[in-house]
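This report concerns only the one structure given below.
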Amino acid sequence: MLRQTRKTRKNVNGALLGAVVIASMLGGYPYLQPVAIAAGATPVPAKGIRVPPASAAAPASAAAPTSASAQARAAAPVDFPAIVERYGPAVVNVSAPTPEQQTSGPVPEAIDQDDPFFQFFKGSAPQFQDPGGSSPHVIRGIGSGFIISPDGLILTNAHVVDGAEEVAVKLTDRREFKAKVLAVDAQSDVAVLRINAKKLPTVRLGDSSRVRAGEPVLTIGSPYGFENTVTAGIVSAAPRAQPDGNAVPFIQTDVAANPDNSGGPLFNRSGEVIGINVQIYAQTERYQSLTFAIPINVATKVEAQLLAQSKVAQGYLGIGVQDVDPGLARAFGLPGPEGALVTSVEPGTSAAAGGIKPGDVITQIGDKAIDRSAELAERAAALKPGTKATLTLIRNRKPMTVTVTVGAFEEKSAVRQDEGNAADRLGLAVRPLNEAERVASGLAEGLMVDGVYGAAAGTGIQPGDIILSLNGTPVRSREQLGTLAAKAGKQVALLILHDNTRVFVSVELR
C-alpha cells in the first residue's frame, strides 16, 4: 500500500534481521530452491547447478532401479522461476464479456475507495471498479487457460466460457484473439477453445496418475486481469474421486487460488502440467487455501471425446453410495471396512433394472476391486454407455453377482436462462454447484450465481453467492427456481450464502 513511513535505524536493523531469518527459512524448504527443468530428453540447467552429461551416470554395477532416479529427482530442489519463464507465455487470459445490465464487480470491503491503493489499481483490475447500480455496461467473466498445441488449441474451465456470447483470449505478448468455443463439458468442467494462430508457445503435459501428496506444485494464472501471476504450494491429496458420486478425481492442493485462476495450469516440479485449476469462491478471503485441480489425464481424455463427438459419454449406474466404516462392516457381516454401500437407487436407471437394492455392498465392478465408494463412481464413469458390467456385491451377508447395462450420464449444464424463462424474472444466471464448490461451501445443494442483471441488479447479490431457497422453499435446480418464480408474487425473498453468512435478500420481480 502507498504509505509514508519513518525510516529509523531500528526499522532498518529489523528489516535486515527479518531478511536473514527469511533467507534461513527458505533454505529449509527444498522446493523453493533451484533445480533443472526437463525439456524433452535434455534438461535445462538452472543457474549455479551442474547437470552431469548422460554418460556420467552410475556404472552398471551400481545401477539403481528406475524408482531410484525418480526418488533422486524428487529430492532435488525446484526452480520455479525457470518454469514460469519457460511456460508462462503459454498461459493465456480468457475473458467472456456479457453485455447486460449487471451489477459492477465487487469492491473488496477492506479497501477504502479513497485509499491511494484503490485509486492506483481501479483502472487496471476488474474487481476494483467503482460500486455501481444497474447501469448497462460490460461485465467480464475472466479466467485463465493454457495452449496445448502450436496451432491454437486451448484448455480452460467450462464455467469460464459456458454461455458466453464471445470469448477473448489474450497472450502475454499482448496479442488478442477471438476464440471459438469448440466444445464444453460441464460435468468435468473442461472446455476446449481454438484461436487462429500458428507457432504458439505451448505447455508440456504430464501424467497426473503419478501425482503424490506432498510434492511441490506451481500455478500460473491471471487473477483480476493481471498476467502471469504465480502461486506455489504442495499437493495436499493425490487424485481421488469424491464420495458424492462425482466422477472427477480432483487433485487437492494448498496453492493460494485467486478468483481468476480458474482454467489455469497446475505444474509439477518438472514443469509439466498435471491439472487444470478449479476455482473455489470464498468471498471473505483474498484467496482460498483449499483448492482443487482437474487431473490432466482426465482433461485430455475429455478433450479427445469433445473434439471427436462434441460431448463426453460417461457411464452411469444411478445409485447413491457411501463408505463402509468398521461398525457397518460388522453389521453387514463383511470381512473389513471396504466396498460401496448402496443407499439409494434411482428409478428407471440401469441399477434399478439390474436389481440393485439399498443395503447392497458393491465390492467389485468388472475385475476392479472397490475399496471406497468414490472409486465406484469413477470406474463406472469410465465405462462406455450401453456395455454390460458385472457387479460383485454382498446382500444379506451372502456374496452374489449382478450384471447391469451401463447407462449414460445426462449432462445438466446450467447457464443463464433464455429470455422469457420464468426464472429470468429474477435477473440471475445460475447453475448447480459443482463438486469443488460443494466441498468448499459444505453444502449438498444450492445454485451458484454466475451473473446478476435485471431485477436482481442493485440488490447486493453478487456472482459467487449461493441461492439456498426462494420464499422458504429450498432450491435444487434452475427448473425448480423458475417454477417458484413463476408462481411467486411481485416480491420474493431469497435466502443466499454471502460471505459465508446466510442472509435474506428481497427481489422485486419483473
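The values are calculated or read from the model by the stated rules, or taken from the named source; none is laboratory data. Values in this document were obtained by computation on a predicted structure and should not be read as measured data. Don't worry about glycine lacking a Cβ; one is built from the backbone with ideal geometry, like all the others, and counts go over all protein chains shown.
Key figures for this structure:
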| quantity | calculated |
| --- | --- |
| Filtered residues of segment 383-398 (kept if within 33 Å of the chain's Cα centre (by Cα) and free of Cβ contacts under 8 Å to residues at least 24 places away in the same chain) | GLY386, LYS388 |
| Of the criteria (1) in a strand (DSSP E or B); (2) within 31 Å of the chain's Cα centre (by Cα), which one ALA377 fails | (1) |
| Output for segment 136-151, where each listed residue is modelled with pLDDT of 90 or more and buried (at least 20 other Cβ atoms within 10 Å of the Cβ) | SER144, GLY145, PHE146, ILE147, ILE148 |
| First in segment 317-339 and closer than 14 Å to PRO358 by Cα, second anywhere and surrounded by 11 or more Cβ atoms within 10 Å (Cβ to Cβ) and acidic (Asp, Glu), Cβ under 6 Å, 6 or more apart | GLY318/GLU346 |
| Subset of segment 198-216 that is hydrophobic (A, V, I, L, M, F, W, C) and modelled with pLDDT under 95 - its residue that is farthest from PRO150 (Cα to Cα) | ALA213 |
| For ASP371: the one exception among (1) in a loop (DSSP other than H, G, I, E, B); (2) surrounded by 20 or more Cβ atoms within 10 Å (Cβ to Cβ); (3) acidic (Asp, Glu) | (2) |
| Residue pairs meeting the criteria (Cβ under 7 Å; at least 6 apart or on separate chains; first touching a residue at least 12 places away in the same chain (Cβ under 8 Å), in segment 263-277; second charged (D, E, K, R) and surrounded by fewer than 24 Cβ atoms within 10 Å (Cβ to Cβ)) | ASN268/GLU215; ARG269/GLU215; GLY271/ARG86; GLY271/ARG204; GLU272/ARG204; VAL273/ARG204 |
| Some residue of segment 220-240 being in a loop (DSSP other than H, G, I, E, B), surrounded by fewer than 21 Cβ atoms within 10 Å (Cβ to Cβ) and modelled with pLDDT of 85 or more | no |
| Strands (runs of 3 or more DSSP E) within segment 427-508 that include 1 or more residues loosely packed, with under 15 Cβ neighbours inside 10 Å | 491-498, 501-508 |
| Strands (runs of 3 or more DSSP E) completely within segment 146-200 that count 3 or more residues being in contact with a helix residue (DSSP H, G or I) (Cβ under 8 Å, 6 or more places away or on another chain) | 176-185, 190-194 |
| Number of the condition not met by VAL160 [criteria: (1) at pLDDT below 70; (2) within 20 Å of ASN258 (Cα to Cα); (3) touching a strand residue (DSSP E or B) at 6+ places or on another chain (Cβ under 9 Å)] | (1) |
| Test: ALA380 is outside the structural domain of SER188 (by TED's automatic domain parsing), surrounded by 21 or more Cβ atoms within 10 Å (Cβ to Cβ) and within 30 Å of VAL181 (Cα to Cα) | yes |
| Lone unmet requirement of (1) surrounded by 18 or more Cβ atoms within 10 Å (Cβ to Cβ); (2) at pLDDT below 90 for ILE195 | (2) |
